1. With 21 Å as the limit, write out which pairs from Lys61/Lys85; Lys50/Lys85; Lys9/Lys85; Lys74/Lys124; Lys9/Lys61 have Cα-Cα distances beyond it, or answer none.
2. Step through the residues of region 40-54 one at a time and calculate ³J(HN,Hα) from phi using the Karplus curve (6.51 cos²θ - 1.76 cosθ + 1.60, θ = phi - 60°), rounding each to whole Hz and writing x for Gly and Pro.
3. For a quick check of your reading of the filter: which chymotrypsin sites (Phe, Trp or Tyr not before Pro) in region 56-123 sit in a DSSP loop and have no more than 13 other Cβ atoms within 10 Å?
4. So if I take the centroid of the Cα atoms in region 1-60 and the same for region 116-130, what is the distance between those two points in Å?
5. To test your reading of the geometry: what angle, between 0 and 90 degrees and rounded to tens, separates the Cα axis of helix 73-85 from the longest principal axis of the chain?
6. In debye to the nearest 20, how big a dipole does the chain give about its Cα centre with +1 on each Lys and Arg Cβ and -1 on each Asp and Glu Cβ?
7. For Leu44, which sequence-distant residues (separation of 5 or more, or a different chain) have an amide H within less than 5 Å of its own amide H, given hydrogens modelled in the peptide plane?
8. Sum up the charges of everything whose Cβ sits under 11 Å from the Cβ of Leu44, counting Lys and Arg as +1 and Asp and Glu as -1, but leave Leu44 out.
Amino acid sequence: MVVVDPRSKFANRERFPEADEVLVEWPDEALRHLPVGEATYIVLLTHDPKIDEPSLAAALKGGAAYIGAIGNRKTHADRFERMAKWGVTAEDLQRVYAPIGLDLGGHTPEETALSIMAEVVAVKNGRSGASLCQGNGPIGSDAR
């Protein structure tokens with residue numbers, strides 16, 4: 001896992017001791033020298049257009065298996081409208097998972113992280129992320 005953020009208060013070993021690399025760098029610039037391919041999963045979590053939008057544009061130029069960005073539907077609609085003015089096509093923007101994550105109904109940062117990682121794993125494995133008990137009743141029911 002590589003963590004990239006131009007802000008050293010966020011990109012540091014204390015916050016990410018298990019990361020393979022922690023880069024204090026603009027993500028769009030880092031994407032120019034990091035290897036990106038079909039085994040690459042890119043997750044943008046800053047909520048900052050000046051970081052996220054150039055990063056998304058750079059990520060879309062590569063062959064990443066997954067590109068996701070945090071934010072609500074309005075944030076993404078506005079973001080994509082601005083990026084379209086840069087020449088990023090609607091077809092390219094359809095590759096972005098936004099809002100990011102599966103609908104788990106989470107409210108805590110940990111639940112949000114689980115939702116995001118669940119989506120990444122589902123995409124990696126070519127699955128929908130739908131409940132395995134679909135059609136068998138609600139979770140916890142006796143309909144199984």
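Throughout, read-outs are computed from the coordinates displayed, never taken from laboratory work. Model, not experiment: these values are computed from the prediction. Virtual Cβ from ideal backbone geometry, glycine too; neighbours counted across all protein chains shown.
1. Details: Lys61/Lys85 16 Å; Lys50/Lys85 15 Å; Lys9/Lys85 32 Å; Lys74/Lys124 27 Å; Lys9/Lys61 28 Å.
Violating the 21 Å limit, Cα to Cα: Lys9/Lys85; Lys74/Lys124; Lys9/Lys61.
2. Result, rounded to whole Hz: 9, 10, 10, 10, 9, 10, 7, 6, 10, x, 5, 9, 5, 5, x.
3. Answer by residue number: Trp86.
4. Region 1-60 and region 116-130 have Cα centres separated by 21 Å.
5. 40
6. Working: 16 positive and 21 negative charges, 50 e Å.
Magnitude of the dipole: close to 240 debye.
7. Excluding prolines and chain starts, which carry no amide H, the hits are Gly68, Ala69, Ile70.
8. -4
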